[in-house]
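Single-structure report; data block below.
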Amino acid sequence: GLLRGSGDLGVVVQRARGALSIVSSSSRSVLGEVGGLGDLSHASVVFSRDQRYAYVVGRDGGLSKVDLLTQRLVARVMQAGNSIGGAISADGTLVAAQNYTPGGVKVFDAKTLALVADIPATFEPPGSTAKRSRVVGLAELPGKRFIFSLFDADPIWIADLAQPGAPKLTKFT
């Protein structure tokens, strides 16, 4: 096949079809399609540092890893019931998904999609029992850190994943 730099490639989310079209920005053409990505009605896509892989977080809670060069689905995990976004760590080793159901953030190894951390967005409303918040605004920070907001509460949290499996949380009220 044709040798191609991955930086020339992009994706178009086919929301209704649960697929990605892989496009060439140089030739302005569709090169191929990868389907089977679930409900993409509110999809988020982030890319590996080398731009070869697209990580797609779908509304149905699916996290998919798509190889843009071979045009195939490499891995897919159903990690939640309802998700609306994702981020990749600055060093490219971790992929995170923000979830509505159950509320929280899940972090995965970027190579294997193995679960690295499960961070429930638990808060205690005044005069009530603990609840889980939907999470929005997920973004990477320098190092193996992610920042996000608890949609149903006031805090913003930073999760530091320098120690795998033991996230250190900083909570701003």
Determine, yes or no, whether VAL77 is within 20 Å of GLY137 (Cβ to Cβ), open to solvent by 20 Å² or more (accessible area, probe 1.4 Å), assigned to a strand (DSSP E or B) and touching a residue at least 24 places away in the same chain (Cβ under 8 Å).
-> no
Which listed residue, of ASP109, ASP154, is under 20 Å from TYR55 (Cα atoms) and without any contact (Cβ under 8 Å) to a residue 24 or more places away in the chain | ASP109
Which one is farthest from ALA97 (Cα to Cα), of the residues in the range 124-142 that are hydrophobic (A, V, I, L, M, F, W, C) and surrounded by fewer than 19 Cβ atoms within 10 Å (Cβ to Cβ)?
-> ALA130
Out of ASP39, ASP60, ASP91, ASP67, report the one residue that is out of contact with any Pro (no Cβ under 8 Å at 6 or more places or on another chain) and within 20 Å of ALA159 (Cβ to Cβ).
-> ASP91
Residue check: is ARG145 modelled with pLDDT of 95 or more, surrounded by 19 or more Cβ atoms within 10 Å (Cβ to Cβ) and over 22 Å from GLY61 (Cβ atoms)?
-> yes
Scanning the range 16-34 residue by residue, the ones that are of a type in the set (Gly, Ala, Ser), open to solvent by 10 Å² or more (accessible area, probe 1.4 Å) and out of contact with any Gly (no Cβ under 6 Å at 6 or more places or on another chain) total 6
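The values are calculated or read from the model by the stated rules, or taken from the named source; none is laboratory data. Worth saying up front: this structure is predicted, and the values here are computed from it rather than measured. Reconstructed Cβ throughout: ideal geometry from the backbone, glycine too, with neighbour counts over all protein chains shown. To get the accessible areas, we keep the full protein, side chains included, count just its heavy atoms, and leave off ligands, DNA and RNA. Shrake-Rupley method; radii C 1.70, N 1.55, O 1.52, S 1.80 Å.
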